[in-house]
1. Under the Karplus relation 6.51 cos²θ - 1.76 cosθ + 1.60, θ = phi - 60°, what is the ordered set of whole-Hz ³J(HN,Hα) values for the range 467-477, x standing for Gly and Pro?
2. Please compute the Cα-Cα pair-distance distribution of the range 362-592 with 5 Å bins starting at 0, giving whole percents from short to long.
3. Please list, in chain and number order, the residues 5+ apart from Leu474 or on another chain whose amide H is under 5 Å from its amide H, with Hs placed from the backbone.
4. Residues with beta-carbon under 12 Å from that of Val129, excluding Val129: net charge, scoring Lys, Arg +1 and Asp, Glu -1?
5. In terms of modelled amide H atoms, which long-range or inter-chain residues lie less than 5 Å from the amide H of Phe501?
6. In units of 2.2 N^0.38 Å, what is the alpha-carbon radius of gyration of the range 499-593?
7. Two decimals is fine: what is log10 I(q)/I(0) at q = 0.08, 0.10, 0.13, 0.16 Å⁻¹ for the range 7-210, from a Debye sum with one equal scatterer on every Cα and no solvent?
8. Taking the number of other C-beta atoms within 10 Å as the exposure measure, put Thr182, Thr62 in order starting with the fewest.
Amino acid sequence: MNVRFTIPWKIGVGFGVFIITVAFLFFLTRQTLSESREISSRIDEVYAPSIELLESLSSELTYSRVLIKHWAAVQSRPDVMEKTLLLRLMNDKVPLQLERLDYIAKEWDTADQRSLDSLQNAVSRLFIVYNQITRLLPDFDSYSNPNSIMAVDYLFLEGEGIDKCTTEVESRVIRLLARQRTHLGTSSQEMNNLGDRLRLFAGNIALVVLFLGIFIAFSVSRSIVKPISELKRTLLYLGKGIYPRGTVAVTSDEIGDMAFAVNRLVDGLKKTREFSSQVGGGNFEASYSPLSEDDELGYALLKMRDDLAANERLLERKVEERTNEVVQQKEEIERQKERVMELYKDLTDSINYAKRIQQTILPTREYILEMFPDSFVFFKPRDIVSGDFYWFKNGGRKKYVAAVDCTGHGVPGAFMSLVGYNALNHVTKVFTRPAQVLNHLNRLASETLRSEARDMHLTDGMDLAFLSFDSETLEMEYAGAHNPVYVVRNKEMIVIDPDKFSIGSFMQGEREFTNHTIQLEQGDAVYIFSDGYVDQFGGPKGKKFLKKQFRELLLELSHLPMAEQGIQINERLIAWKKMYDQVDDILVLGIRI
């Protein structure tokens, strides 16, 4: 029996081997990826949340120690913020975190679960000591009881009470964190090993596939390249409109069948050339007889002659349909554009509403003039809402003013300004000396911005100048965080420099702000401001305005009424920046004594 080693058989064998190889690679890859998913799921659902909760619990317990020391050391009412925060930590936050840890610990090994039980017991013992202190000092008057104070002092002795319990809690948290981090590191290493194994499998099998493909290509090409070259030459002639003089040799495989078909094609094309030329020239009455009943080309030519007009009309309809589609797409684009504009308007309206909310915290012009009849406030936010704000408070004989520059501008700066405004109002209910106000404002800002994000390296804070005026003695007190105060007297400027650190940039006790006392005289002009004006780019060389030029401007305008000075400051800014964009929020306050 004569068996032909056909081209499909050759290609089929080659592709069969190739498919088996690829299937084997797919199996190994799928198995490796399945193992990788299991490890990744354990990392994401067990180890990473466990570490996060343990770190958060450690932070909360450290903060609770600060709060219990404040409870014991500072005589205060039960409703002060520090005591409320401590009770919330003991009753809500820490129990909730322990409950979440207990839920996740179901996936831990037995040793870690026992460690968690020990940690929960240690926290309970620590909170029992806290409760003893809160019961010994429940109210303001209890601090006068020497027995209670002695009992509390004993609980704070080194190696006793709080120190002992805190040491135990911290050591257990550290051990649990170390264990979970070890698990996390081990799982990550397993992930890396699986990745290396996957790369090894892929690389080796890829080499096999490469060499196998080269071998198959070489074997098949030897048997088909030469006859294919002859077919190519004939088809290239036909492609150029040239009928070949000879015929293609016919072999015993599929290429031979192709050669036979090409030879017949050449003959058929010669017979149909004339008819095709006539039909192509528009002679739809030309006659033609197909070569055989199976001559699809011949029948196609006859059908082409009859259907050419219909095809032309069909093409016209398609062009019209495509035109309609383009019109519809254009309309859809217009609708989408309108939707985008609506969304943009909604966003702008929301920010404008936020501006109205922010403006409610700013004192009115009438309130400011009632305190300081000859004064101005030049306030120019860079965006719709601002990170700068001004603050006035009338304490009768004492009057207080602040110019505050919060981190950022726009919406982030506006959020910071609300935090700063509330903190300033809260602090000035108790403290009035500027340095005291800034010290306690720094404490509140540090606790608010960093108490629950110690590892995020936040740099949010505030720069400000805070003034206190005695309306009878004309004595002014000042404290500043980066922002100075200028006093102009008889065309001469007195500069009182601030402390070179911001509100919220350090923890309480690390440093303190300086309180300055200045004796003012009638007619003195006092200026405080943010850094937006001096940092504005402009002028002929596109540089910053800078402090020196700003001081010269204030000296030049100091003899004018304060309202006129505010107008002139605005006009100078417009003339300076010209085509340059405003780079920051701008705030300048002027007060005539």
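Read-outs throughout are calculated quantities, based only on the coordinates presented, and are distinct from any laboratory measurement. The shown structure was predicted, so the numbers you read here are calculated from the model rather than taken from an experiment. Glycine gets a Cβ as well: all are built from the backbone with ideal geometry, and neighbour counts include every protein chain shown.
1. For the range 467-477, the Karplus curve yields 10, 10, 10, 9, 6, 8, 8, 6, 8, 10, 10 Hz.
2. P(r) over the range 362-592, rounded to whole percents: 1, 7, 15, 19, 20, 17, 12, 6, 3, 1, 0.
3. Close amide H contacts, sequence-distant or interchain: none at all.
4. Its environment carries a net charge of +1.
5. Long-range HN contacts for Phe501: His482.
6. Relative to the rule-of-thumb radius for its length, the range 499-593 sits at 1.30.
7. For the range 7-210 at q = 0.08, 0.10, 0.13, 0.16 Å⁻¹, log10 I(q)/I(0) is -0.47, -0.60, -0.80, -1.01.
8. Details: Thr182 11, Thr62 15.
So the ranking, lowest neighbour count to highest, is Thr182, Thr62.
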